1. Check off (1) farther than 22 Å from SER81 by Cβ; (2) assigned by TED's automatic domain parsing to the domain that holds SER81; (3) surrounded by 12 or more Cβ atoms within 10 Å (Cβ to Cβ) for PHE105 and give me the number that stays unchecked.
2. Checking ASN96 against (1) in contact with a helix residue (DSSP H, G or I) (Cβ under 7 Å, 6 or more places away or on another chain); (2) at positive phi, only one condition comes out false. Which one?
3. Pull up the range 175-196, narrow it to residues that are out of contact with any Phe, Trp or Tyr (no Cβ under 9 Å at 6 or more places or on another chain) and among the aliphatic types (A, V, I, L, M), then point me to the one that is nearest to GLU154 (Cα to Cα).
4. Pull out all pairs, ordered by first then second residue, where Cβ-Cβ is under 8 Å, the residues are six or more apart or on different chains, the first lies in the range 185-209 and is free of Cβ contacts under 8 Å to residues at least 60 places away in the same chain, and the second is polar (S, T, N, Q).
5. Answer yes if at least one residue in the range 147-169 is among the acidic types (Asp, Glu), more than 30 Å from SER52 (Cβ to Cβ), in contact (Cβ under 8 Å) with a residue 12 or more places away in the chain and out of contact with any helix residue (DSSP H, G or I) (no Cβ under 6 Å at 6 or more places or on another chain), and no otherwise.
Amino acid sequence: MEINTLVKKGKVNAFCGLSISTFLQSNETCCVQYKEYYQSILVSDYIFSSSSSTEKKVIDSLKMVLLSSDVLVKKMNVLSSTEILKVELAILLLQNVDTIVLYQFDCYFMEKELAYFKKLFKKLVLKYGKTIVLLDSKLLFLVDFADRIVVKNEKEELEVFVAPNFYEERLLELLGTPKIVEFVKFVNENGKKLLPYTDMKELIKAIYREV
């Protein structure tokens, strides 16, 4: 099965358990990933070597990924892993690529920043028709976010979950159970009745109403 045929345009696609080399054969130019080595080069030079954008567009792109213009005078090899990923993402936004591939993106950020990026990526998909591809992401990050999930199972076969239901036993079996799903199932097994919530704010409201 060709990997690229499983990528649906204008959607958030997640691929779990796949090698990055398997996927990036034709997508390497639009991948956000943390590299082990960066040269002692100014961030501004690094960005402008990959994009011919104006300084204003660069600053706007940095703001979009939660970076200030101060980062431009720093060197790439002294940035934190999260700053590097933000810079790499800012470059792809400047390049205006159709497909953005994110490799283990959710492994580097705190919950608050991940919540922001989920909203940003959804906006890119819904408003600008971009395609987002996540590689090796955790199920918790995909809840209320991914439109399709492709998982390599125990037999090294690919299983596809379209409009995934995060209470589906097979999906939980393959990727583990998020805490919010675990909690709702625990409450329901102990005599209460909660709907299959995946949004923490909605769950808290329901607890006050129903439990």
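The values are calculated or read from the model by the stated rules, or taken from the named source; none is laboratory data. On a predicted model such as this, the values are computed, not experimentally measured, just so you know. Here the Cβ is made from the backbone with ideal geometry for all residues, glycine too, and neighbour counts use every protein chain on show.
1. Every listed condition holds for PHE105 apart from (1).
2. (1)
3. The qualifying residue nearest to GLU154 (Cα to Cα) is LEU175.
4. Once the first residue is free of Cβ contacts under 8 Å to residues at least 60 places away in the same chain and sits in the range 185-209, its partners that are polar (S, T, N, Q) give LYS185/THR177; LEU194/ASN188; PRO196/ASN165.
5. From the range 147-169, those among the acidic types (Asp, Glu) are 147, 154, 156-157, 159, 168-169; that's our starting set.
Next, from what is left, pick out any that are more than 30 Å from SER52 (Cβ to Cβ): 147, 154, 156-157, 159, 168-169.
Pick out the ones that are also in contact (Cβ under 8 Å) with a residue 12 or more places away in the chain and you get 147, 159.
Those left that are additionally out of contact with any helix residue (DSSP H, G or I) (no Cβ under 6 Å at 6 or more places or on another chain): 147, 159.
Scanning the range 147-169, I find at least one residue that is among the acidic types (Asp, Glu), more than 30 Å from SER52 (Cβ to Cβ), in contact (Cβ under 8 Å) with a residue 12 or more places away in the chain and out of contact with any helix residue (DSSP H, G or I) (no Cβ under 6 Å at 6 or more places or on another chain), so the answer is yes.
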